[in-house]
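Each reported figure results from applying straightforward, stated rules to the coordinates on display, with no laboratory input. From a predicted model like this one, the values you see are computed outputs, not experimental measurements. Cβ placement follows ideal geometry from the backbone for every residue including glycine, while neighbour counts extend to all protein chains displayed.
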Amino acid sequence: MSQQYSPAGFSLLPPVVKNLLIINGLFFLATVSLNSAYGIEVDNMLGLHYFQSELFSPYQFVTYMFVHANFSHVLFNMFALWMFGYLLENVWGSKRFLTYYMITGIGAALVQTFVTWLDISAIQAAAQSYASNPTLDSFIAFVKHNYPRHYEAEGTVRNFISEWSLSKNSPGYVSQSMEYVSQLMKLQMDVPTVGASGAVYGILLAFGMMFPNMLVYVYFLFPIKAKWIVIGYGAIELFSGISNNPSDNVAHFAHLGGMIFGFFLILYYRKKHDYFSS
């Protein structure tokens with residue numbers, strides 16, 4: 001990253017960034033160790049679940065930020081946190097930086113929950129519609145539209161559809177189909193959102209707003225101004241979120257949520273402090 005702005009007294013590893021790196025690293029090691037040694041699924045305990053899930057707890061709006069799916073997930077997030085965060089913490093101070101990080105992380109969780117609510121509410125309405133006309137064709141339509149991965153993949157649901165097609169008039173398949181509908185919705189609600197990406201995208205947004213013309217070397221090779229990095233990542237996340245690819249398990253709207261909360265927080269800060277102006 002270009003060092004065009006480096007006043008005296010700056011640290012490459014200020015305290016909040018350093019401690020966030022350590023905490024996230026320790027959480028990742030604990031997640032791997034407890035899962036392999038004792039079968040304890042930390043992501044189910046600390047990851048953010050939908051509020052109608054039996055696994056949901058309010059504290060997950062905070063703890064989900066410290067749990068990651070795999071090594072590459074935590075590595076990318078922590079590298080981005082350091083790359084864009086150390087300069088912000090030096091300029092803002094540790095207290096302001098930590099406040100911003102936590103608010104954007106929680107904000108990302110709130111946006112992700114809202115988007116999930118919209119999605120699940122539509123599926124619940126479709127499930128009620130199916131319950132009023134539980135036929136094989138309507139079941140296939142429900143699964144194909146709302147759970148395409150389960151419809152396309154070989155497995156329990158596909159086997160059930162094949163069996164029902166051989167005995168379309170058997171009443172037992174209707175009640176069993178209702179159970180599958182309930183199970184599919186429960187599975188969706190029980191999938192946790194994990195990772196610091198929402199807060200990291202908030203940090204990226206702040207970096208772009210504070211230092212819009214600072215050069216960032218993408219893959220250490222291509223210099224691009226920070227403002228274009230922010231716009232590019234924001235556009236990618238918006239497009240990916242709207243596309244709603246069934247094979248995509250990334251919480252794109254959480255990333256956008258971190259940027260949205262970060263944007264309004266920066267505007268608020270700029271009204272209070274002149275040094276938040278770019």
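List of remarks:
- Rounded to the nearest 20 debye, the dipole size of the chain about its Cα centre is 980 debye, using +1 on the Cβ of Lys and Arg and -1 on the Cβ of Asp and Glu.
- Candidate lysines - alpha carbon under 22 Å from Lys168, same-chain residues fewer than 8 apart omitted: Lys144
- In summary, the lysines within cross-link reach of Lys227, defined as a Cα separation below 22 angstrom excluding same-chain residues under 8 places away, comprise Lys271.
- Helix-derived mean residue ellipticity, 222 nm - over the chain, DSSP H n ≥ 4, -39500 (n - 2.57), to 500: -23000 deg cm²/dmol
- C-alpha long axis of helix 71-92 to longest principal axis of the chain, angle in °: 40
- As a rough guide to protection, the peptides 170-182, 110-122 ranked by mean Cβ packing within 10 Å, highest first, stand as 110-122, 170-182.
- C-alpha long axis of helix 156-166 to longest principal axis of the chain, angle in °: 30
- Shape analysis of the range 23-122 yields a ratio of the Cα radius of gyration to the Kirkwood radius, Rg/Rh, of 1.02.
- The local environment of Val67, defined by Cβ-Cβ distances under 12 Å, has a net charge of -2 under the rule Lys, Arg +1 and Asp, Glu -1.
- The range 76-108-the range 20-66 distance, computed between alpha-carbon centres (Å): 21
- Binned Cα-Cα distances of the range 72-142, short to long, each 10 Å bin given as a whole percent: 16, 26, 20, 15, 14, 8, 1
- Assigned charges on the beta-carbon of Lys, Arg, Asp, Glu; the range 124-189 dipole about Cα centre (debye): 100
- Taking the longest Cα principal axis of the chain as reference, the axis of helix 136-146 is set at about 0 degrees.
- Under 15 Å from Lys186, Cα to Cα: aspartates and glutamates that are on another chain or at least 8 residues apart: Glu54, Asp119
- Projecting the Cα atoms of Ile231, Val191, Leu34 onto the charge dipole of the chain (Cβ charges, centred on the Cα centre) puts Ile231 farthest toward the positive pole.
- The Rg/Rh ratio of the chain, with both radii computed over alpha carbons and Rh defined as the Kirkwood radius, is 1.07.
- Working from the Cα coordinates of the range 124-189, the gyration tensor eigenvalues give, after taking √(5λ), semi-axes of 17, 15, 10 Å in decreasing order.
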